[in-house]
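Chemist: Structure provided below as structure tokens; questions to follow.
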Amino acid sequence: MNCIVMNLNEGWNLEFEEGAVMNLDRQEHIREAAAVISQYADIIGLRTFPSLTDRQKDYQDFILHQLIQYATVPVISLESAIRHPLQSLADLLTIEEHKTVARPKVVLSWAPHPRALPQAVPNSFAEFMSNAKVDFVITHPRGYELASEFTTRATITYNQDEAFENADFIYAKNWSSYQDYGKILSQDPQWMITPEKMALTRHAKFMHCLPVRRNVIVSDAVLDGSDSIVIAQANNRTYAAQAVLKRMLEGIV
Amino acid sequence: MKKYTSIHDVADLDALVAEAKALKDNPFQYAQLGQQNISIVVPKSKPSYQIKYPTCCTVSWHELYCDEPE
């Protein structure tokens, strides 16, 4: 398997808008770029991030869909403006490997962070958990509600302690506000995952997609504790990607 | 082959997880997929990438792991 990695818009600036007059700094349109790259590869993987300033455009997954439109080979999302499906598949695999009851309680908990982060990871995680054999709870401060299309089957509570009761898995993640788009509404350290919070659970395993900021998202004691499975979770990114790429190459999905 | 999948049409999740588990137990063999030669185009503004990933080097899947910029 040969893999070519390209960083766009860092010297090679692509134009994505239709009908653009390209007399500024963008040298090539996605129409030609996608067509050319398609001749070099059997699959194109794209990782892109949201602007966090234009919700409508971000939630159209504009760049991803422009590539899909003009590529002539299959495209796989390596994280888009609004979803991170390979991460979520790795997360689900990790939960399947570590669960001790048939239907575990899985809690997605917002946690503080100094930067405004995308909603892609929690969106996809909510989407996957809503379709998995788990009881799924999301907890966050008011104002951090995710887009409803991802949370229709989730129980949502603003009380973190209540959410943690009898949980089997705690998945910590920060995200910026969807409602007040891209804004940081809270940095309340009370939402950090601590041993005291974990004590409310049913000996829950701690998960995070990494990289994680110690003693901001989660305390050292939890991250270094025996119930932290973040390294095993990261390892499963390998097999999640392999499974999907294998299926794409086999023409199954 | 479908033009696109983001695997968020999750009807086949159990099968997909089973496939990932199977691959974990019995990883890809080079003989099956060939040596994983990675050619990487890097911008001049990111020389550190060139040090980490010289053109036409061989890297593992693990080295491709990264996450959103935090």
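The values are calculated or read from the model by the stated rules, or taken from the named source; none is laboratory data. Quick caveat, the model's predicted, so the values are computed rather than measured. Every residue, glycine among them, receives a Cβ derived from its backbone with ideal geometry; neighbour counts consider all protein chains shown. All accessible areas refer to the heavy atoms of the entire protein, side chains included, with ligands and DNA or RNA removed. Shrake-Rupley method; radii C 1.70, N 1.55, O 1.52, S 1.80 Å.
Chemist: Please average, across the residues of A:87-97, the number of beta carbons from any other chain that are within 10 Å of each residue's own beta carbon, and give a whole number.
Modeler: Shielding by partners across A:87-97 averages 4.
Chemist: How would the stretch A:33-182 be classified by its alpha-carbon gyration tensor: rounded, prolate or oblate, with rounded meaning a/c under 1.5 and the a/b versus b/c comparison settling the rest?
Modeler: Verdict is oblate for the stretch A:33-182.
Chemist: Moving on to the next point. Using only Cα atoms, locate the centre of the stretch A:55-106 and the centre of the stretch A:138-162, then give the distance between them in Å, rounded to an integer.
Modeler: 19
Chemist: Report A:TRP12's accessible area, 1.4 Å probe, all protein chains in place, as a number in Å² to the nearest 10.
Modeler: 70
Chemist: Accessible surface of A:VAL212 in the full protein assembly, 1.4 angstrom probe, to the nearest 10 Å²?
Modeler: Counting only protein heavy atoms, A:VAL212 exposes about 30 Å² to solvent.
Chemist: Which of A:ASN13, A:ASN166, A:ASN215 moves the most in a Gaussian network model of chain A with Cα springs under 10 Å?
Modeler: A:ASN13
Chemist: I've got another one for you. For peptide A:243-250, what's the mean number of Cβ atoms from other chains within 10 Å of each residue's Cβ?
Modeler: 5
Chemist: To continue, here is another question. Using a ≥ b ≥ c from the Cα gyration tensor of chain A (square roots of the eigenvalues), is it rounded, prolate or oblate, where a/c under 1.5 gives rounded and otherwise the larger of a/b and b/c decides, a/b for prolate?
Modeler: It is prolate, given that a/c is not under 1.5 and a/b is the larger ratio.
Chemist: Need one number: nm distance between label points at A:GLU17 and A:THR72, each 7 Å from Cα along Cα→Cβ, rounded to one decimal.
Modeler: Taking the simple label geometry, A:GLU17 and A:THR72 are separated by 2.9 nm.
Chemist: Take chain A, connect every pair of alpha-carbon atoms lying under 10 Å apart with a spring to form a Gaussian network, then pick out the residue of A:ALA33, A:ALA20, A:ALA111 with the largest mean-square fluctuation.
Modeler: Result for chain A, Cα springs under 10 Å: A:ALA20 fluctuates most.
Chemist: Taking the Cα centre of the stretch A:39-149 as the origin, how large is its charge dipole in debye, to the nearest 20, when only Lys and Arg (+1) and Asp and Glu (-1) carry charge on their Cβ atoms?
Modeler: Approximately 260 debye in magnitude.
Chemist: Among A:PRO118, A:LEU245, A:GLN69, which residue has its Cα positioned farthest towards the positive end of the charge dipole of chain A, with +1 placed on the Cβ of Lys and Arg, -1 on the Cβ of Asp and Glu, and the dipole taken about the Cα centre?
Modeler: The residue sitting farthest along the positive end of the dipole is A:LEU245.
Chemist: Right, another one. Quote to one decimal, in nm, the extra length available between A:ASN235 and A:GLU250 on full extension: 0.36 nm per residue of separation minus the C-alpha distance between them.
Modeler: Full extension from A:ASN235 to A:GLU250 adds 3.0 nm.
Chemist: Nothing charged except the Cβ atoms of Lys and Arg (+1) and of Asp and Glu (-1): what's the magnitude of the dipole of the stretch A:85-235 about its Cα centre? Round to the nearest 20 debye.
Modeler: 140
Chemist: Fully extended, how many nm does the chain gain between A:ASN2 and A:ASP54 (0.36 nm per residue separation, minus their Cα-Cα distance)?
Modeler: 15.1 nm
Chemist: In addition: Once the piece of chain linking A:ALA147 and A:ASP220 is laid out straight, how much longer is it, given 0.36 nm per residue of separation minus the C-alpha distance between them?
Modeler: 23.2 nm
Chemist: Oh, and also: Obtain the nm distance between the two label points defined at A:LEU24 and A:LYS133 by a simple spin-label model: each point lies 7 Å from its Cα along the Cα-to-C-beta direction.
Modeler: Here the answer is 5.3 nm between the modelled labels.
Chemist: Next up: Peptide A:229-240: average number of partner chain Cβ atoms within 10 Å per residue?
Modeler: So the per-residue partner count for this stretch is 4.
Chemist: Related question: Order B:ASP14, A:ASP135 by their accessible area, 1.4 angstrom probe, all chains in place, largest first.
Modeler: B:ASP14, A:ASP135
Chemist: Mind telling me which of A:PRO211, A:PRO112, A:PRO195 comes out most flexible in a GNM of chain A, alpha-carbon contacts under 10 Å?
Modeler: Top of the fluctuation ranking is A:PRO211.
Chemist: In whole angstrom, how long is each semi-axis of the equivalent ellipsoid of the stretch A:191-253, when you take the square root of 5 times every eigenvalue of its Cα gyration tensor and sort them from largest down?
Modeler: 32, 12, 9
Chemist: Which residues does a label at A:THR194 reach in the stretch A:140-177, if reach means a backbone N under 18 Å from a point 7 Å past the Cα toward the Cβ?
Modeler: A:140-141, A:159-165, A:172-173
Chemist: If you don't mind, another one. State, as an integer percentage, the relative contact order of the stretch A:132-232 based on alpha-carbon contacts under 8 Å between residues 6 or more apart.
Modeler: Value for the stretch A:132-232: 26 percent.
Chemist: Moving on to the next point. How much of A:HIS208 can a 1.4 Å solvent probe reach, expressed as accessible area in Å² and rounded to 10?
Modeler: 0
Chemist: Within the stretch A:132-166, find all residues whose amide N lies under 18 Å from a label point positioned 7 Å from the Cα of A:HIS203 along Cα-to-beta-carbon.
Modeler: Only A:165-166 pass the distance filter.
Chemist: Further question: Which three extents, in whole angstrom, do the alpha-carbon atoms of the stretch A:122-241 cover along their principal axes, largest first?
Modeler: 36, 33, 26
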